[in-house]
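Some notes on the structure that comes next.
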Amino acid sequence: MFTGIIKGIGHVVSITRQAETAKLTVSSPLFTQLNPQLGDSFAINGICLTVTAVVPGQLCVDVMPETTRLTNLGQLKKGDTVNLEPALGATERLDGHFVLGHVDTTAKLVQRVEDQNASVLTFKIAPEYDDYIVKKGSIAIDGVSLTVTQSEPYQFSVSLIPYTQNQTTLGKRQVGDLVNIETDVLGKYIVGAQRKEAIQ
């Protein structure tokens with residue numbers, strides 16, 4: 001379980017691919033601070049991954065085919081930056097929203113507009129996810145907990161304050177980039193229940 005409040009930025013040290021699997025090594029000062037252990041869950045760009053190896057200041061994770069198919073990890077290369085969040089501790093504050101690290105799909109950044117101190121990002125998404133994205137609802141983009149400011153067929157927008165732009169990778173995202181999307185888990189249960197009821 002995560003909150004979508006990014007704790008640090010990491011750099012891809014290496015990524016070894018074989019078909020649709022990969023071994024990913026990431027470095028960050030955050031790892032020295034938190035001292036991750038084998039088997040820990042860590043969200044990298046919003047994807048819940050299991051720590052499989054640890055060296056000082058670095059950790060390694062295995063990426064399975066399902067993750068490669070549904071996320072933007074397949075596009076990562078050495079030197080890229082990623083958003084990092086450790087799993088939520090039972091005594092910690094829940095400042096964002098409930099984020100599982102189970103990415104639904106990717107979306108393409110189609111517009112970036114500056115609005116005074118904010119950056120408004122608009123993304124195009126596959127139509128089957130429209131029902132899960134609502135104005136003023138929560139969404140996780142590359143693991144960052146954000147509020148949907150506009151929702152239209154096949155696209156939605158979010159607004160980034162300067163802190164989010166500076167402390168996450170979203171500040172450097174450009175038009176055409178693919179991002180990981182996790183829709184609000186509460187919305188999934190509501191929509192799922194409604195669809196089951198309609199079938200009955």
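The values are calculated or read from the model by the stated rules, or taken from the named source; none is laboratory data. Note that the coordinates shown come from a computational prediction; the quantities given were computed from them, not determined experimentally. In this analysis, Cβ positions are derived from the backbone assuming ideal geometry, glycine residues included, and neighbour counts consider all displayed protein chains.
Examine segment 156-166 for a residue that is surrounded by fewer than 16 Cβ atoms within 10 Å (Cβ to Cβ), aromatic (Phe, Trp, Tyr) and within 29 Å of Leu30 (Cβ to Cβ), and state whether such a residue exists. Checking segment 156-166: at least one residue is surrounded by fewer than 16 Cβ atoms within 10 Å (Cβ to Cβ), aromatic (Phe, Trp, Tyr) and within 29 Å of Leu30 (Cβ to Cβ). Scanning segment 6-19 finds one or more residues that are within 21 Å of Thr183 (Cβ to Cβ) and in contact with a strand residue (DSSP E or B) (Cβ under 7 Å, 6 or more places away or on another chain). Scanning segment 135-161 for residues that are closer than 21 Å to Leu100 by Cα and over 18 Å from the mean Cα position of the chain (by Cα) gives Lys135, Lys136.
A count restricted to segment 157-200 and to residues that are hydrophobic (A, V, I, L, M, F, W, C) and in contact (Cβ under 8 Å) with a residue 40 or more places away in the chain stands at 10.
Yes or no, residue by residue, for (1) crowded, with 20+ Cβ neighbours inside 10 Å; (2) touching a Phe, Trp or Tyr at 6+ places or on another chain (Cβ under 6 Å):
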position: Ile141; (1), (2): yes, no
position: Tyr154; (1), (2): no, no
position: Thr168; (1), (2): yes, no
position: Val185; (1), (2): no, yes
position: Arg195; (1), (2): no, no
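The lone criterion from (1) buried (at least 21 other Cβ atoms within 10 Å of the Cβ); (2) among the polar types (S, T, N, Q); (3) without any contact (Cβ under 8 Å) to a residue 12 or more places away in the chain left unmet by Asn45 is number (3).
I'd like to check something: does segment 52-65 contain any residue that is touching a residue at least 60 places away in the same chain (Cβ under 8 Å) and surrounded by fewer than 21 Cβ atoms within 10 Å (Cβ to Cβ)? Step through it out loud before you land on a result.
Kept after step one, since they are touching a residue at least 60 places away in the same chain (Cβ under 8 Å), are these residues of segment 52-65: none.
So far as segment 52-65 goes, no, none of its residues is touching a residue at least 60 places away in the same chain (Cβ under 8 Å) and surrounded by fewer than 21 Cβ atoms within 10 Å (Cβ to Cβ).
The set of residues from segment 32-63 being modelled with pLDDT under 95 and under 27 Å from Ile139 (Cα atoms) comprises Leu34, Pro36. Filtered by the rule that a residue be small (Gly, Ala, Ser) and either assigned to a strand (DSSP E or B) or out of contact with any helix residue (DSSP H, G or I) (no Cβ under 6 Å at 6 or more places or on another chain) (or both), segment 24-59 gives Ser27, Ser28, Gly39, Ser41, Ala43, Gly46, Ala53. Counting only residues that are in contact (Cβ under 8 Å) with a residue 40 or more places away in the chain and under 16 Å from Leu146 (Cβ atoms), how many does segment 121-132 have? Count: 5. Answer yes or no: is there a residue in segment 10-17 that is surrounded by 15 or more Cβ atoms within 10 Å (Cβ to Cβ), among the basic types (Lys, Arg) and not in a helix (DSSP H, G or I). Within segment 10-17 (the criterion being surrounded by 15 or more Cβ atoms within 10 Å (Cβ to Cβ), among the basic types (Lys, Arg) and not in a helix (DSSP H, G or I)), the answer is no, since none of the residues qualifies.
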